[in-house]
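Q: Attaching a single structure in C-alpha coordinates format; questions to follow.
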Number of protein chains: 2
Amino acid sequence: MDEDTVFRALADGSRRRLLDRLHARNGQTLGELCEGLEMTRQAVTKHLGILEEANLVSTRRQGREKLHYINPVPINEIADRWISKFERRALDALSDLKKSLEGSKDE
Amino acid sequence: MDEDTVFRALADGSRRRLLDRLHARNGQTLGELCEGLEMTRQAVTKHLGILEEANLVSTRRQGREKLHYINPVPINEIADRWISKFERRALDALSDLKKSLEGSKDE
DNA sequence: AAAACAGGCAACCAAATGGTTCCATATCAG
DNA sequence: CTGATATGGAACCATTTGGTTGCCTGTTTT
(Lines give C-alpha, C1' and ligand atoms only; values in the text may rest on other atoms or scores of the structure.)
Protein backbone atom coordinates (compact mmCIF):
# COMPACT_ATOMS: atom_id res chain seq x y z
CA MET A 1 0.00 0.00 0.00
CA ASP A 2 2.50 2.56 1.20
CA GLU A 3 4.90 3.43 -1.59
CA ASP A 4 7.67 4.40 0.80
CA THR A 5 7.61 1.10 2.68
CA VAL A 6 8.00 -0.81 -0.57
CA PHE A 7 10.86 1.34 -1.86
CA ARG A 8 12.59 1.09 1.51
CA ALA A 9 12.19 -2.69 1.53
CA LEU A 10 13.65 -2.94 -1.95
CA ALA A 11 16.60 -0.72 -1.04
CA ASP A 12 18.55 -3.52 0.60
CA GLY A 13 20.51 -6.03 -1.45
CA SER A 14 19.96 -8.92 0.96
CA ARG A 15 16.23 -8.42 0.76
CA ARG A 16 16.30 -8.28 -3.02
CA ARG A 17 18.26 -11.54 -3.00
CA LEU A 18 15.62 -13.07 -0.74
CA LEU A 19 12.97 -12.04 -3.22
CA ASP A 20 15.08 -13.57 -5.98
CA ARG A 21 15.20 -16.82 -4.04
CA LEU A 22 11.47 -16.84 -3.52
CA HIS A 23 11.01 -16.02 -7.17
CA ALA A 24 13.14 -19.04 -8.06
CA ARG A 25 11.19 -21.27 -5.66
CA ASN A 26 8.14 -20.02 -3.87
CA GLY A 27 6.91 -21.15 -0.47
CA GLN A 28 10.24 -21.70 1.27
CA THR A 29 10.67 -21.92 5.01
CA LEU A 30 12.83 -19.54 7.01
CA GLY A 31 15.45 -22.26 7.42
CA GLU A 32 15.60 -22.88 3.70
CA LEU A 33 15.93 -19.17 2.99
CA CYS A 34 18.85 -18.99 5.40
CA GLU A 35 20.87 -21.74 3.71
CA GLY A 36 24.14 -20.55 2.24
CA LEU A 37 23.71 -16.97 3.42
CA GLU A 38 26.41 -15.17 5.39
CA MET A 39 23.92 -13.96 7.93
CA THR A 40 22.39 -15.22 11.10
CA ARG A 41 18.89 -16.61 11.03
CA GLN A 42 17.71 -13.61 13.02
CA ALA A 43 18.99 -11.19 10.43
CA VAL A 44 17.04 -13.06 7.76
CA THR A 45 13.98 -13.03 10.02
CA LYS A 46 14.21 -9.26 10.23
CA HIS A 47 14.57 -8.88 6.48
CA LEU A 48 11.59 -11.13 5.88
CA GLY A 49 9.64 -9.09 8.41
CA ILE A 50 10.38 -5.92 6.48
CA LEU A 51 9.42 -7.58 3.21
CA GLU A 52 6.22 -8.82 4.83
CA GLU A 53 5.40 -5.36 6.15
CA ALA A 54 5.87 -4.00 2.65
CA ASN A 55 3.50 -6.70 1.45
CA LEU A 56 6.17 -8.09 -0.82
CA VAL A 57 6.05 -11.41 0.99
CA SER A 58 3.14 -13.21 2.61
CA THR A 59 3.48 -16.11 4.99
CA ARG A 60 1.62 -19.20 6.08
CA ARG A 61 2.30 -21.17 9.21
CA GLN A 62 2.44 -24.91 8.74
CA GLY A 63 3.19 -26.77 11.93
CA ARG A 64 6.44 -25.46 13.29
CA GLU A 65 7.47 -24.13 9.90
CA LYS A 66 6.69 -20.80 8.31
CA LEU A 67 6.31 -20.76 4.57
CA HIS A 68 7.13 -17.60 2.64
CA TYR A 69 5.47 -16.57 -0.59
CA ILE A 70 6.40 -13.71 -2.85
CA ASN A 71 3.73 -11.15 -3.60
CA PRO A 72 4.44 -9.22 -6.77
CA VAL A 73 1.50 -6.84 -6.50
CA PRO A 74 3.31 -3.93 -4.80
CA ILE A 75 6.16 -4.17 -7.28
CA ASN A 76 3.70 -3.91 -10.09
CA GLU A 77 2.04 -0.95 -8.47
CA ILE A 78 5.40 0.78 -8.36
CA ALA A 79 6.15 -0.19 -11.91
CA ASP A 80 2.77 1.05 -13.08
CA ARG A 81 2.29 4.15 -11.00
CA TRP A 82 5.79 5.48 -10.65
CA ILE A 83 8.25 4.01 -13.08
CA SER A 84 6.04 4.19 -16.13
CA LYS A 85 6.12 7.95 -16.21
CA PHE A 86 9.89 7.86 -16.45
CA GLU A 87 9.77 5.18 -19.07
CA ARG A 88 7.68 7.40 -21.26
CA ARG A 89 10.39 10.01 -20.95
CA ALA A 90 12.97 7.37 -21.84
CA LEU A 91 11.04 6.45 -24.93
CA ASP A 92 10.86 10.12 -25.82
CA ALA A 93 14.61 10.34 -25.39
CA LEU A 94 15.12 7.34 -27.61
CA SER A 95 12.89 8.73 -30.30
CA ASP A 96 14.77 12.03 -30.07
CA LEU A 97 18.00 10.12 -30.51
CA LYS A 98 16.57 8.30 -33.47
CA LYS A 99 15.49 11.56 -35.06
CA SER A 100 18.88 13.14 -34.49
CA LEU A 101 20.60 10.15 -36.04
CA GLU A 102 18.30 10.31 -39.02
CA GLY A 103 19.00 14.01 -39.26
CA SER A 104 22.77 13.55 -39.25
CA LYS A 105 22.40 10.95 -41.96
CA ASP A 106 20.77 13.57 -44.18
CA GLU A 107 23.25 16.35 -43.49
CA MET B 1 25.30 1.16 -13.48
CA ASP B 2 25.27 -0.28 -9.97
CA GLU B 3 21.86 -1.68 -9.15
CA ASP B 4 22.27 -1.13 -5.45
CA THR B 5 23.14 2.56 -5.79
CA VAL B 6 19.99 3.15 -7.81
CA PHE B 7 17.71 1.29 -5.41
CA ARG B 8 19.26 3.12 -2.47
CA ALA B 9 18.78 6.46 -4.19
CA LEU B 10 15.14 5.66 -4.88
CA ALA B 11 14.55 4.58 -1.28
CA ASP B 12 14.13 8.12 0.01
CA GLY B 13 10.87 10.01 -0.42
CA SER B 14 12.50 13.41 -0.72
CA ARG B 15 14.65 12.16 -3.55
CA ARG B 16 11.68 10.61 -5.33
CA ARG B 17 9.89 13.94 -5.01
CA LEU B 18 12.90 15.67 -6.53
CA LEU B 19 12.74 13.28 -9.45
CA ASP B 20 9.04 14.04 -9.74
CA ARG B 21 9.81 17.72 -9.90
CA LEU B 22 12.41 17.21 -12.58
CA HIS B 23 10.02 15.00 -14.43
CA ALA B 24 7.46 17.79 -14.36
CA ARG B 25 10.02 20.34 -15.53
CA ASN B 26 13.47 19.31 -16.54
CA GLY B 27 16.62 21.39 -16.24
CA GLN B 28 15.88 23.19 -12.97
CA THR B 29 18.50 24.91 -10.86
CA LEU B 30 19.27 23.96 -7.29
CA GLY B 31 17.48 27.06 -6.07
CA GLU B 32 14.36 26.21 -8.02
CA LEU B 33 14.38 22.67 -6.73
CA CYS B 34 14.58 24.00 -3.18
CA GLU B 35 11.51 26.21 -3.47
CA GLY B 36 8.68 25.21 -1.18
CA LEU B 37 10.59 22.35 0.40
CA GLU B 38 10.91 22.03 4.17
CA MET B 39 14.61 21.42 3.94
CA THR B 40 17.74 23.47 3.81
CA ARG B 41 19.49 24.01 0.49
CA GLN B 42 22.35 21.84 1.70
CA ALA B 43 20.06 18.90 2.34
CA VAL B 44 18.73 19.19 -1.19
CA THR B 45 22.30 19.40 -2.48
CA LYS B 46 23.08 16.13 -0.75
CA HIS B 47 20.00 14.43 -2.20
CA LEU B 48 20.85 15.64 -5.69
CA GLY B 49 24.39 14.39 -5.19
CA ILE B 50 23.08 10.93 -4.37
CA LEU B 51 20.76 11.00 -7.37
CA GLU B 52 23.67 12.08 -9.54
CA GLU B 53 25.89 9.31 -8.21
CA ALA B 54 23.14 6.86 -9.07
CA ASN B 55 23.07 8.36 -12.54
CA LEU B 56 19.43 9.29 -12.11
CA VAL B 57 20.24 12.97 -12.55
CA SER B 58 22.86 14.66 -14.67
CA THR B 59 23.93 18.26 -14.32
CA ARG B 60 25.26 21.10 -16.39
CA ARG B 61 26.89 24.22 -15.06
CA GLN B 62 25.70 27.46 -16.60
CA GLY B 63 27.34 30.52 -15.13
CA ARG B 64 26.72 30.49 -11.43
CA GLU B 65 23.76 28.18 -11.80
CA LYS B 66 23.67 24.42 -11.95
CA LEU B 67 20.98 22.85 -14.08
CA HIS B 68 19.64 19.41 -13.20
CA TYR B 69 18.31 16.92 -15.71
CA ILE B 70 16.59 13.66 -15.03
CA ASN B 71 18.08 10.53 -16.55
CA PRO B 72 15.55 7.71 -16.83
CA VAL B 73 17.97 5.07 -18.10
CA PRO B 74 18.82 3.45 -14.75
CA ILE B 75 15.16 3.28 -13.83
CA ASN B 76 14.43 1.49 -17.04
CA GLU B 77 17.28 -0.91 -16.43
CA ILE B 78 15.71 -1.76 -13.10
CA ALA B 79 12.30 -2.08 -14.62
CA ASP B 80 13.61 -4.31 -17.40
CA ARG B 81 16.15 -6.45 -15.59
CA TRP B 82 14.64 -6.83 -12.19
CA ILE B 83 10.99 -5.94 -11.99
CA SER B 84 9.89 -7.66 -15.15
CA LYS B 85 10.56 -11.10 -13.72
CA PHE B 86 8.14 -10.38 -10.92
CA GLU B 87 5.60 -8.97 -13.31
CA ARG B 88 5.56 -12.22 -15.21
CA ARG B 89 4.77 -13.95 -11.93
CA ALA B 90 2.01 -11.44 -11.31
CA LEU B 91 0.49 -12.21 -14.65
CA ASP B 92 0.72 -15.90 -13.85
CA ALA B 93 -1.06 -15.25 -10.56
CA LEU B 94 -3.79 -13.32 -12.33
CA SER B 95 -4.29 -16.08 -14.85
CA ASP B 96 -4.41 -18.61 -12.01
CA LEU B 97 -7.06 -16.49 -10.36
CA LYS B 98 -8.99 -16.28 -13.58
CA LYS B 99 -8.86 -20.04 -13.98
CA SER B 100 -9.99 -20.63 -10.42
CA LEU B 101 -12.90 -18.24 -10.89
CA GLU B 102 -13.87 -19.99 -14.08
CA GLY B 103 -13.61 -23.30 -12.25
CA SER B 104 -15.87 -22.21 -9.40
CA LYS B 105 -18.40 -20.97 -11.93
CA ASP B 106 -18.68 -24.48 -13.34
CA GLU B 107 -18.89 -26.30 -10.05
C1' DA C 1 35.25 47.31 -6.72
C1' DA C 2 31.40 46.00 -3.74
C1' DA C 3 27.20 43.89 -2.86
C1' DA C 4 24.09 40.34 -3.93
C1' DC C 5 23.31 35.89 -5.59
C1' DA C 6 24.05 30.68 -6.56
C1' DG C 7 26.23 27.11 -5.10
C1' DG C 8 30.06 23.99 -2.53
C1' DC C 9 32.49 22.04 1.59
C1' DA C 10 32.99 20.21 6.08
C1' DA C 11 31.95 19.32 10.79
C1' DC C 12 28.60 17.82 13.59
C1' DC C 13 24.19 15.39 15.40
C1' DA C 14 20.09 12.37 16.13
C1' DA C 15 17.77 8.68 14.37
C1' DA C 16 17.37 4.70 11.47
C1' DT C 17 19.50 0.50 9.73
C1' DG C 18 21.62 -4.01 9.50
C1' DG C 19 23.62 -6.89 12.12
C1' DT C 20 24.78 -9.62 16.32
C1' DT C 21 24.01 -12.58 20.78
C1' DC C 22 21.24 -14.71 24.25
C1' DC C 23 17.11 -16.69 25.57
C1' DA C 24 12.20 -18.30 25.01
C1' DT C 25 8.46 -20.86 22.83
C1' DA C 26 6.15 -24.15 19.95
C1' DT C 27 6.16 -28.49 17.43
C1' DC C 28 7.72 -32.88 15.88
C1' DA C 29 10.20 -37.60 16.47
C1' DG C 30 11.36 -41.46 19.24
C1' DC D 1 8.13 -37.32 28.36
C1' DT D 2 12.53 -35.85 26.23
C1' DG D 3 15.32 -34.09 23.08
C1' DA D 4 15.98 -32.08 18.72
C1' DT D 5 14.17 -28.77 15.41
C1' DA D 6 11.97 -24.28 13.70
C1' DT D 7 10.91 -19.99 14.73
C1' DG D 8 10.16 -15.61 17.75
C1' DG D 9 11.68 -11.68 20.85
C1' DA D 10 14.54 -8.33 22.82
C1' DA D 11 18.64 -6.00 24.04
C1' DC D 12 22.59 -4.26 22.24
C1' DC D 13 26.16 -2.33 18.85
C1' DA D 14 28.52 -0.04 14.79
C1' DT D 15 27.61 2.26 10.74
C1' DT D 16 24.87 4.77 7.64
C1' DT D 17 21.60 8.31 6.77
C1' DG D 18 19.20 12.63 6.58
C1' DG D 19 19.51 16.66 8.35
C1' DT D 20 21.57 20.90 10.40
C1' DT D 21 24.86 25.12 10.90
C1' DG D 22 28.75 27.92 9.59
C1' DC D 23 31.82 29.39 6.37
C1' DC D 24 34.02 29.61 1.66
C1' DT D 25 34.17 30.21 -3.58
C1' DG D 26 32.63 31.74 -7.85
C1' DT D 27 29.53 34.77 -10.78
C1' DT D 28 26.62 38.51 -11.78
C1' DT D 29 24.92 43.25 -11.07
C1' DT D 30 25.34 47.90 -10.04
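Results for (1) in contact with a His (Cβ under 8 Å, 6 or more places away or on another chain); (2) of a type in the set (Asp, Glu); (3) at pLDDT 95 or above, shown as yes or no for each residue.
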site: B:Arg8; (1), (2), (3): no, no, yes
site: B:Ala11; (1), (2), (3): no, no, yes
site: B:Arg17; (1), (2), (3): no, no, yes
site: B:Thr40; (1), (2), (3): no, no, yes
site: B:Thr45; (1), (2), (3): no, no, yes
site: B:Leu56; (1), (2), (3): no, no, yes
site: B:Arg64; (1), (2), (3): no, no, yes
site: B:Glu77; (1), (2), (3): no, yes, no
site: B:Ile83; (1), (2), (3): no, no, no
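Q: Still on this structure, please answer the following. Quick one: count up the residues across segment B:1-30 that are surrounded by 12 or more Cβ atoms within 10 Å (Cβ to Cβ) and part of a helix (DSSP H, G or I).
A: The number of residues fulfilling the criteria is 20.
Q: Please go through segment B:31-52 and pick out each residue that is in a helix (DSSP H, G or I) and either in contact with a Phe, Trp or Tyr (Cβ under 8 Å, 6 or more places away or on another chain) or open to solvent by 40 Å² or more (accessible area, probe 1.4 Å) (or both).
A: Taking segment B:31-52 and keeping what is in a helix (DSSP H, G or I), we get B:31-34, B:41-52.
The answer is B:Gly31, B:Glu32, B:Arg41, B:Gln42, B:Thr45, B:Lys46, B:Ile50, B:Glu52.
Q: Can you spot a residue in segment B:75-91 that is within 16 Å of DNA strand D (Cβ to nearest atom), open to solvent by 70 Å² or more (accessible area, probe 1.4 Å), more than 9 Å from chain A (Cβ to nearest Cβ) and not hydrophobic (A, V, I, L, M, F, W, C)?
A: No, that holds for no residue.
Q: Is it the case that some residue within segment A:64-74 is loosely packed, with under 12 Cβ neighbours inside 10 Å and within 15 Å of DNA strand C (Cβ to nearest atom)? Spell out how you get there, then give the answer.
A: Within segment A:64-74, the first condition is being loosely packed, with under 12 Cβ neighbours inside 10 Å, and the residues that meet it are A:64.
If we keep only those that are within 15 Å of DNA strand C (Cβ to nearest atom) as well, we get A:64.
There is at least one residue in segment A:64-74 that is loosely packed, with under 12 Cβ neighbours inside 10 Å and within 15 Å of DNA strand C (Cβ to nearest atom).
Q: One residue is enough: does segment B:17-25 have a residue meeting the conditions more than 9 Å from every other protein chain (Cβ to nearest Cβ), away from DNA strand C (no atom under 14 Å from the Cβ) and either closer than 24 Å to A:Leu10 by Cβ or not charged (D, E, K, R) (or both)?
A: yes
Q: Now, a different point. Look through A:Gly49, A:Gly36 and report the one residue that is small (Gly, Ala, Ser), within 11 Å of DNA strand C (Cβ to nearest atom) and assigned by TED's automatic domain parsing to the domain that holds A:Ala11. Before you say what the answer is, go through the steps one by one.
A: On the way: A:Gly36 fails: within 11 Å of DNA strand C (Cβ to nearest atom).
After ruling out the rest, the residue left standing is A:Gly49.
Q: Every residue in segment A:53-63 that is open to solvent by 70 Å² or more (accessible area, probe 1.4 Å) and more than 9 Å from DNA strand D (Cβ to nearest atom), please.
A: Scanning segment A:53-63 gives A:Glu53, A:Asn55, A:Arg60.
Q: Which one of these is within 14 Å of DNA strand D (Cβ to nearest atom) and among the aliphatic types (A, V, I, L, M): B:Leu48, B:Leu22?
A: Exactly one of B:Leu48, B:Leu22 is within 14 Å of DNA strand D (Cβ to nearest atom) and among the aliphatic types (A, V, I, L, M), namely B:Leu48.
The values are calculated or read from the model by the stated rules, or taken from the named source; none is laboratory data. Here the structure is a predicted model, which means the values were calculated and not measured. Positions of Cβ are backbone-derived with ideal geometry, glycine not excepted, and every protein chain shown enters the neighbour counts. Note: accessible area is taken over every heavy atom of the protein model, side chains too, but ligands, DNA and RNA are not part of it. Shrake-Rupley method; radii C 1.70, N 1.55, O 1.52, S 1.80 Å.
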